[in-house]
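See structure below.
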């Protein structure tokens, strides 16, 4: 029996039919956010903590328009891989945007909200995945 929380299980399929795992998707989402100048990007592996998701990508933006641009870039990049966004919350308020891709959840914050909610501390038992923006 296969563990449903294996990071290398296929989640999306690239343009050329390449299978993409959830850990690769987390990095691709982080890259898409970085392309739109998101700051303080953190990837958390939370597979051992909850069945809710395998990874969080957490990042910050400076303004509502930047939050919209980052969220669109992440959705578009993952959609190209055949991974659809199951839901987006908070885009109208542009303070904390949550994008649900199933096993991957992307949190995009304005700095004040990120400081207040501090998901990195709340999910502090998760493993920080080394990430360096391109």
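Starting with the highest mean, order 62-69, 117-124 by the number of other Cβ atoms within 10 Å, averaged over the residues of each peptide.
Working: 62-69: 15.5, 117-124: 13.1.
Highest to lowest by the protection proxy: 62-69, 117-124.
Shown for 21, 71: other C-beta atoms within 10 Å of each C-beta, ranked fewest to most, produce the order 21, 71.
In plain terms, the chain from residue 111 to residue 40 could stretch by 24.6 nm, reckoned as 0.36 nm per residue minus the Cα-Cα distance. Axis angle, to the nearest 10 degrees, between helix 22-35 and the longest C-alpha principal axis of the chain: 30 degrees. A Förster radius of 22 Å, combined with the Cβ-Cβ distance separating residue 63 from residue 128, puts the computed FRET efficiency at roughly 0.25. For the chain, the longest principal axis of the C-alpha atoms and the axis of helix 64-80 are separated by about 10°.
Sorted ascending by nearby beta carbons within 10 Å, beginning with the fewest, 85, 59 become 85, 59.
I'd like to know how the chain sits against the 2.2 N^0.38 Å rule of thumb: what's its Cα Rg over that expected value?
On the way: Rg = 14.0 Å, N = 134, 2.2 N^0.38 = 14.1 Å.
Working it through for the chain, the quotient is 0.99.
Most simply put, the chain has about 75% antiparallel DSSP beta bridges, counting only bridges with both residues inside it.
Coordinate-derived values only; no laboratory data. Only a predicted model underlies this, so the values are computations on that prediction, with no experimental measurement involved. Glycine gets a Cβ as well: all are built from the backbone with ideal geometry, and neighbour counts include every protein chain shown.
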